[in-house]
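Structure in structure tokens, see below.
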Amino acid sequence: MDPVGDMQPEQRTATYEERYHSAKAAFLQESLQYYDRLNDLSNLDDQTENNKYIETIFKELANEIVGREDLLVWPVHYLPSLHRACNPYMPENSRARAFDHLVKYIREEAAKFTMVAFFQESPKFLDEMKAAVSSGDQEKHKQSIERIFKKLANEICGREDLLVWPALYLGSLENACNPYIPEEDRVKEFDYLVKYKEAAKSPVKAVNTRSPLEASGVMDKAFRADYVGCGVTWFEEAFRIYRDMYHHERHYGKVIPILQSNGMGKSRVIAEIGKD
């Protein structure tokens, strides 16, 4: 168990950041040794020793960055980045980018373990959010979402100073917490939540502090981003059910109302369906 998990939030954030810089400095300092050894082993007919050495480097780095050694080693297409990061004859900024690419994979693998733990606790999260909504206490609902966000943000990237998900992410949060949704759909929603935290590397202004014009630009950009979620699939399934239910003598017309809070994706779902 990583002892960082027992620290206070401020200590954890500082420790994870310190870990990253310490691991990076140590890696670049030992890189010549790695570079020579990797070159020697890569020329052998039997790549067993080479693969073992790469795994050794990976485990050392994963332990330093996220406190784990049980993650799956880098796949083959990451190995050029490993050689580039180890190469003392490459420009330092190129080596740093290659190192960050390696670290990104480690953090993503660590996030998968976090996802398993998240799914185990998700019924509790869902009940907590539902109870807050039922009580009509918006502040309590907001606090429950912030607690979930900070827990994930700290476990995945060691930070608790990021702005919580905006409103358009809350549907994905509820879906990710819902144990009655197919697991592959929950995984997609979880990845969507994680993508936001990984992208938010530094605090920015909250949407409600922007001018109406700025806020409109933010929403427009989000609307045009790659579509993530299960809304289209669910709507199409519901549409077929309602179409079969329709009877011209019992129903006023072929109308399907879509009810949801602002920013939850109603218009985007219709826009995505219109593309087909």
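The values are calculated or read from the model by the stated rules, or taken from the named source; none is laboratory data. Treat the numbers as computed from the prediction; the structure is a model and nothing was measured. Methodologically, a virtual Cβ is constructed for each residue, glycine included, from the backbone with ideal geometry; neighbour enumeration extends over all protein chains shown. We work out accessible area using only protein heavy atoms, side chains counted, and drop any ligands, DNA or RNA first. Shrake-Rupley method; radii C 1.70, N 1.55, O 1.52, S 1.80 Å.
Checking residue 164 against (1) modelled with pLDDT of 80 or more; (2) closer than 25 Å to residue 107 by Cβ; (3) open to solvent by less than 10 Å² (accessible area, probe 1.4 Å), only one condition comes out false. Which one?
Among (1) modelled with pLDDT of 80 or more; (2) closer than 25 Å to residue 107 by Cβ; (3) open to solvent by less than 10 Å² (accessible area, probe 1.4 Å), the lone unmet condition for residue 164 is (3).
From 272, 198, 214, which residue is under 24 Å from the mean Cα position of the chain (by Cα), part of a helix (DSSP H, G or I), modelled with pLDDT under 80 and not small (Gly, Ala, Ser)?
198
Could you give me the residue pairs with C-beta distances under 7 Å whose first residue belongs to the stretch 264-276 and is closer than 12 Å to residue 227 by Cα and open to solvent by less than 50 Å² (accessible area, probe 1.4 Å), whose second residue is assigned to a loop (DSSP other than H, G, I, E, B) and not hydroxyl-bearing (Ser, Thr, Tyr) wherever it lies, and which are 6+ apart or on separate chains?
265/229
Can you name every residue in the stretch 30-51 that is in a helix (DSSP H, G or I) and either at pLDDT below 80 or of a type in the set (Gly, Ala, Ser) (or both)?
Residues satisfying the conditions are 31, 42.
How many residues are open to solvent by 70 Å² or more (accessible area, probe 1.4 Å) and not in a loop (DSSP other than H, G, I, E, B) when one looks only at the stretch 234-263?
Matching residues across the stretch 234-263 total 9.
Here's a follow-up. Which number in (1) surrounded by fewer than 18 Cβ atoms within 10 Å (Cβ to Cβ); (2) closer than 23 Å to residue 189 by Cβ; (3) not aliphatic (A, V, I, L, M) marks the one condition that residue 88 misses?
(2)
Name, by its number, the condition in (1) more than 28 Å from residue 113 (Cα to Cα); (2) open to solvent by 80 Å² or more (accessible area, probe 1.4 Å) that does not hold for residue 31.
Condition not satisfied by residue 31: (2).
Which number in (1) over 20 Å from the mean Cα position of the chain (by Cα); (2) in a helix (DSSP H, G or I) marks the one condition that residue 107 misses?
Only one criterion is unmet by residue 107, namely (1).
Can you tell me how many residues within the stretch 167-194 are over 19 Å from residue 108 (Cα atoms), free of Cβ contacts under 8 Å to residues at least 40 places away in the same chain and part of a helix (DSSP H, G or I)?
Selection size over the stretch 167-194: 1.
Assess whether residue 147 counts as being in a helix (DSSP H, G or I), among the basic types (Lys, Arg) and open to solvent by less than 70 Å² (accessible area, probe 1.4 Å).
Against the criterion (in a helix (DSSP H, G or I), among the basic types (Lys, Arg) and open to solvent by less than 70 Å² (accessible area, probe 1.4 Å)), residue 147 does not qualify.
Here's another thing I want to ask about it. Only one of (1) of a type outside the set (S, T, N, Q); (2) surrounded by fewer than 16 Cβ atoms within 10 Å (Cβ to Cβ); (3) not in a helix (DSSP H, G or I) is not met by residue 123, so which one is it?
Against the list (1) of a type outside the set (S, T, N, Q); (2) surrounded by fewer than 16 Cβ atoms within 10 Å (Cβ to Cβ); (3) not in a helix (DSSP H, G or I), residue 123 comes up short only on (3).
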